[in-house]
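A short write-up of the structure that comes next.
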Amino acid sequence: MFSKRKTLKVLSASFISLILFPYKYLYAAAKKIINPKLTNEQKDIMFNEGTERPFTSSLLDEKRVGFYHCANCGAKLFASTAKFDSGTGWPSFSEALPGAFKTKIDYSFGMKRIEYHCANCGVHHGHVFDDGPSSTGKRFCNNGLCLIFKPEN
Ligand SMILES: [Zn+2]
């Protein structure tokens, strides 16, 4: 009974992503490269909603005070005070700066996840989950390659 329901859920999620596919394509086409120095890996994450390999980001060990900016457009996205070590291998934050991101529901891989992207330039940054350890309850799981850290002087 349970597995039947689960199968149905996965099937309907795949069906929805199939319907949404053309919109996703249109949506992706609207994003623009603002930073001409983006690498192919960065572009794949930002424009094709790719994911960097875990435990590869140089920002994982970043503990200085400052702000994390969008690597494409430079918008300020996270304060260092919101950063925490989630153990997942991706830079993680308990909250974003107000208005920094917009979200959409992502049904890829048969899962329902909340995708978030830069409110200013539209590029993909990561997914946000409701299992964060702080009072916000949120865990923004961000690709490190999408971020630039600027320390506060
Ligand atoms: Zn941006």
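A single entry from 50, 66 fulfils the requirement of being within 25 Å of residue 136 (Cα to Cα) and not β-branched (Val, Ile, Thr): 66. Checked against (1) touching a residue at least 40 places away in the same chain (Cβ under 8 Å); (2) surrounded by 15 or more Cβ atoms within 10 Å (Cβ to Cβ), residue 88 passes all but condition (2). Selection of region 122-151 for residues being among the aliphatic types (A, V, I, L, M) and either within 15 Å of the ligand (Cβ to nearest atom) or in a loop (DSSP other than H, G, I, E, B) (or both) yields 123, 145, 147, 148. Among the residues that make up region 82-102, is at least one of them more than 23 Å from residue 151 (Cβ to Cβ) and touching a His at 6+ places or on another chain (Cβ under 8 Å)? Yes: region 82-102 contains one or more residues that are more than 23 Å from residue 151 (Cβ to Cβ) and touching a His at 6+ places or on another chain (Cβ under 8 Å). Total residues in region 55-79 satisfying the condition of being in contact (Cβ under 8 Å) with a residue 60 or more places away in the chain, surrounded by 14 or more Cβ atoms within 10 Å (Cβ to Cβ) and not in a loop (DSSP other than H, G, I, E, B): the figure is 9. Summed over region 94-121, the residues that are outside any strand (DSSP E or B) and either in contact with a strand residue (DSSP E or B) (Cβ under 8 Å, 6 or more places away or on another chain) or among the hydroxyl-bearing types (Ser, Thr, Tyr) (or both) give a count of 11. Of the numbered criteria (1) closer than 16 Å to residue 42 by Cα; (2) of a type outside the set (Val, Ile, Thr); (3) within 14 Å of the ligand (Cβ to nearest atom), the one residue 91 fails is (3).
Values in this text are rule-based calculations from the coordinates and carry no lab data. What you see is a predicted model; the values in this text were computed from it and never measured. Here the Cβ is made from the backbone with ideal geometry for all residues, glycine too, and neighbour counts use every protein chain on show.
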